[in-house]
Amino acid sequence: MRLAVVCYPTYGGSGVVATELAQELARRDHQVHMVSYERPFRFDESQENLFFHQVEVSDYPLFRYQPYSLNLTNKIIELVEEHGVEVVHSHYAIPHAQAAWMAREVLREERGLDVKLACTLHGTDITLVGIERSFYELTRFAIQRQDLLTAPSHWLTEKTETEFQIPREDMVVIPNFVDLGRFRPADGTAKRRELGAEGRALVTHVSNFRPVKRVQDVVSAFAVLRQRLDAVLALVGSGPDLDMALRLADALGVREHVRALGKLDDLETVLQASDVFFLPSLVESFGLAALEAQACGCPVIGYRAGGLPEVVEDQVTGILCPEKEDVCLGSLTADLLENPDRLQAMRVASSRRAELFATAPIIDRYEKALCCLVHADRVCDATSMTDCVHP
Ligand code: GMT
């Protein structure tokens, strides 16, 4: 299969999922063309069958806002013509699904080509951005015209049905996946020492520090926890709410126990050293970082909200509190940390649960769904994808 994967190149989960999927499909002998405004941050350029195409953005002075979607549409048209791309797989609907649809219209009308469209909805493209009035109509139109829609959780298909009137049965749930070779339990003694957390509890939060992550709840729950025991909070990543979080830590008298680590290439070393992971979002479609934490044997503490209950098994691989109950987050975490046997059982259960999200079987599901678009007659019921691979 010849595939174009359109995504954001950034440190966020949708870029990670798109890049790792592209790399794995290329390893399986599909020809994969990645399209974005920058090289994605986990992209391995030396890999066979894998190509990166940068969208050149025009900066003509007349434009107050650069029309990126048009440049992207042109790039998709070129790729289909020059490389015989059969499927355009957009990650995050806005503006990728719209650009892919426009490209298909041009290709159909002018060249008689019929490229297939797939889109993986990731989260805020449905729950926050997509429902903004200025995006809504075109988002609904473009996602309805995809040949395949996938989402990482049942919760996100329900939200898509409610907000965009797309029946949930018309979407395929393919959960996010984790590299269990990289994210696995390991001794975290050295990292704890480096973070000044020796002999103390270590709580970690990883995100893009956008309002949707509710970082204020991370800090206030940590302050509640510290009333019961000595602990350090590691904040990994960066984004608009990081400063606010640090100011709140100051105001609550816990700033000296907070380590702001920025973006890390060796994220797994911090997760391996951590006792628990905080993710208090209310509209998290999946929570890839929570899966990566569990894979490292680190239980997750968050709210019973969004897609998180599909990733974290309450009371088994973590604790899910009622929404917005930050005191519950802090005090139930303290209970857990004061009970080493229960914590150890949760650590073991967490890494076992992550095995359900191992990369290979989940890529199989993507591969099959995408191949079915191209060879519906031959491949959909087959167990092997060889029909779909071009020599
Ligand atoms: O939707 C977003 O806000 C961005 C997106 C990203 O690029 O990080 O995150 C979403 O996609 C991830 C990968 O599928 C999921 O793990 C995140 O839960 C999801 N974020 C939200 O739903 C807030």
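The values are calculated or read from the model by the stated rules, or taken from the named source; none is laboratory data. Treat the numbers as computed from the prediction; the structure is a model and nothing was measured. Ideal geometry is used to build each Cβ from the backbone, glycine not excepted, and the neighbour counts take in all protein chains shown. Accessible surface is based on the protein model in full, side chains and every heavy atom, while ligands, DNA and RNA are left aside. Shrake-Rupley method; radii C 1.70, N 1.55, O 1.52, S 1.80 Å.
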Item to check | Sequence-distant lysines (8 or more away, or on other chains) whose Cα lies within less than 27 Å of LYS75 | outcome: LYS116, LYS368
Next on the checklist: Quick check: residue separation of ASP114 and LEU128 times 0.36 nm, minus the Cα distance between them. What number comes out in nm?
Outcome noted: 1.9 nm
Item to check | Using a Förster distance of 35 Å, the FRET efficiency for ARG168-ASP44 (Cβ separation, nearest 0.05) | outcome: 0.50
Checklist entry - Ignoring ligands, DNA and RNA, what accessible area per residue does the stretch 213-276 give at 1.4 Å, in Å²? => result 40 Å²
Checklist entry - How much of the accessible area of the chain, probe 1.4 Å, is carbon plus sulfur, in whole percent? => result 48 percent
Checklist entry - Taking +1 at the Cβ of each Lys and Arg and -1 at the Cβ of each Asp and Glu, which of ALA305, LEU138, SER46 sits farthest along the dipole of the chain towards its positive end, judged by Cα position relative to the Cα centre? => result ALA305
Checklist entry - Which order do LYS368, LYS191 take by accessible area at a 1.4 Å probe, largest first? => result LYS368, LYS191
Item to check | Estimated FRET transfer efficiency when R0 is 25 angstrom, pair THR189-VAL316 (beta carbons, to 0.05) | outcome: 0.45
Checklist entry - Which value, in Å² and to the nearest 10, is the accessible area of ARG108 when all protein chains are kept and the probe is 1.4 Å? => result 100 Å²
Checklist entry - Considering only DSSP beta bridges with both partners in the stretch 189-356, what is the antiparallel share in %, to the nearest 5? => result 5 percent
Checklist entry - With every protein chain present, what accessible area does GLU86 have (1.4 Å probe, heavy atoms only), rounded to the nearest 10 Å²? => result 40 Å²
Checklist entry - Which is farthest toward the positive dipole end of the stretch 125-212 among GLY196, PRO185, GLN165, measuring Cα position about the Cα centre, with Cβ charges +1 (Lys, Arg) and -1 (Asp, Glu)? => result GLY196
Checklist entry - Could you give me the ³J(HN,Hα) list for the stretch 162-179, computed from phi with Karplus coefficients 6.51, -1.76, 1.60 and θ = phi - 60°, whole Hz, x at Gly and Pro? => result 5, 7, 10, 6, 9, x, 4, 5, 7, 10, 9, 8, 10, x, 5, 10, 9, 7
Next on the checklist: Can you give me the long-range amide H partners of ARG259? Hydrogens built in the peptide plane at 1.01 Å from N, cutoff under 5 Å, separation of 5 or more residues or another chain.
Outcome noted: LEU233, ALA234, LEU235
Checklist entry - If you average the sequence gap of Cα pairs under 8 Å that are 6 or more apart and divide by the length of the stretch 290-384, what percent do you get for the contact order? => result 29 percent
Checklist outcome for this item: Given backbone amide H placed at 1.01 Å from N, residues whose amide H is under 5 Å from that of TYR37, ignoring those fewer than 5 places away on the same chain, are VAL55
Checklist entry - Mean shadow of the stretch 189-356, computed from the convex hull of its alpha carbons, in nm²? => result 8.3 nm²
Checklist entry - Quick one: what do you get for the chain if you divide its Cα Rg by 2.2 N^0.38 Å? => result 1.02
Checklist entry - What residues have an amide H closer than 5 Å to that of ILE319, excluding those fewer than 5 places away on the same chain, when H is modeled at 1.01 Å from N in the peptide plane? => result VAL300, ILE301, GLY302
Item to check | the stretch 130-142 - phi-based ³J(HN,Hα) in whole Hz, Karplus 6.51/-1.76/1.60, Gly and Pro as x | outcome: x, 8, 4, 4, 6, 10, 4, 4, 6, 5, 4, 4, 5
Item to check | Lys/Arg +1, Asp/Glu -1 at C-beta; the chain dipole; positive extreme among ILE319, SER69, LEU79 | outcome: ILE319
Checklist entry - Mind checking which of ALA99, ALA260, ALA190 has the largest fluctuation in a GNM of the chain, springs on alpha carbons under 10 Å? => result ALA190
Checklist entry - GLU105 label point, 7 Å along Cα→Cβ, cut-off 19 Å on backbone N: hits in the stretch 120-156? => result 134-148
Checklist entry - How large is the charge dipole for the stretch 1-126, taken about the Cα centre, if only the Cβ atoms of Lys, Arg (+1) and Asp, Glu (-1) carry charge, to the nearest 20 debye? => result 240 debye
Checklist entry - For the stretch 320-328, in order, what is each residue's ³J(HN,Hα) by Karplus, 6.51 cos²θ - 1.76 cosθ + 1.60 with θ = phi - 60°, in whole Hz (x at glycine and Pro)? => result 10, 9, x, 3, 6, 8, 5, 5, 4
Checklist entry - Taking the alpha-carbon centroid of each part, what is the distance from the stretch 1-61 to the stretch 103-117 in angstrom? => result 22 Å
Next on the checklist: Which order do the peptides 158-170, 73-85 come out in when sorted by mean C-beta neighbours inside 10 angstrom, highest first?
Outcome noted: 73-85, 158-170
Checklist entry - If you average the sequence gap of Cα pairs under 8 Å that are 6 or more apart and divide by the length of the chain, what percent do you get for the contact order? => result 14 percent
